[in-house]
């Protein structure tokens, strides 16, 4: 699987190693962008570019999670449901709700990345390599 397909395609399945690699690459890019932002002189153009890079990295995690769910034979639409529920839960800006929502998100990310995928092919494709 090439890098563009890993980060931008919603089709197929990925194993746990590619899932965690995708998360690591996204967060490494975000960390590097934030380091550049902190070390460079402040400007609106730089801040906009760094924000765009970070937002892109966050959105590239969605196809990664979808393909990992496919490996578990779970529809990727659950990501959309989770994003909507999480967004509404975060709207009140209550620290307790925010902390609880972040904990649930963390548990979901770890669970999806830790659970062993289906043995053999499923409706989303063959066993990932």
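The values are calculated or read from the model by the stated rules, or taken from the named source; none is laboratory data. Given the structure is predicted, the values throughout are model-derived calculations rather than measurements. All Cβ positions, even for glycine, are placed from backbone atoms using ideal geometry, and neighbour counts span all protein chains on display.
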### Query
Any idea which of (1) farther than 22 Å from residue 7 by Cβ; (2) under 16 Å from the mean Cα position of the chain (by Cα); (3) surrounded by 15 or more Cβ atoms within 10 Å (Cβ to Cβ) is the one residue 102 doesn't satisfy?
(3)
#### Entry: Unmet requirement for residue 121, which otherwise passes all of (1) without any contact (Cβ under 8 Å) to a residue 40 or more places away in the chain; (2) under 18 Å from residue 68 (Cα atoms); (3) surrounded by 13 or more Cβ atoms within 10 Å (Cβ to Cβ)
(3)
### Message
Can you tell me how many residues within segment 7-19 are crowded, with 17+ Cβ neighbours inside 10 Å and within 16 Å of residue 62 (Cβ to Cβ)?
### Response
6
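Working carefully through the options 53, 74, find the one that is more than 13 Å from the chain's Cα centre (by Cα), surrounded by 12 or more Cβ atoms within 10 Å (Cβ to Cβ) and in a loop (DSSP other than H, G, I, E, B).
On the way: 53 fails: in a loop (DSSP other than H, G, I, E, B).
Result of the check over 53, 74: 74.
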### Query
Just to be sure, is residue 42 surrounded by fewer than 16 Cβ atoms within 10 Å (Cβ to Cβ), modelled with pLDDT under 95 and not in a helix (DSSP H, G or I)?
yes
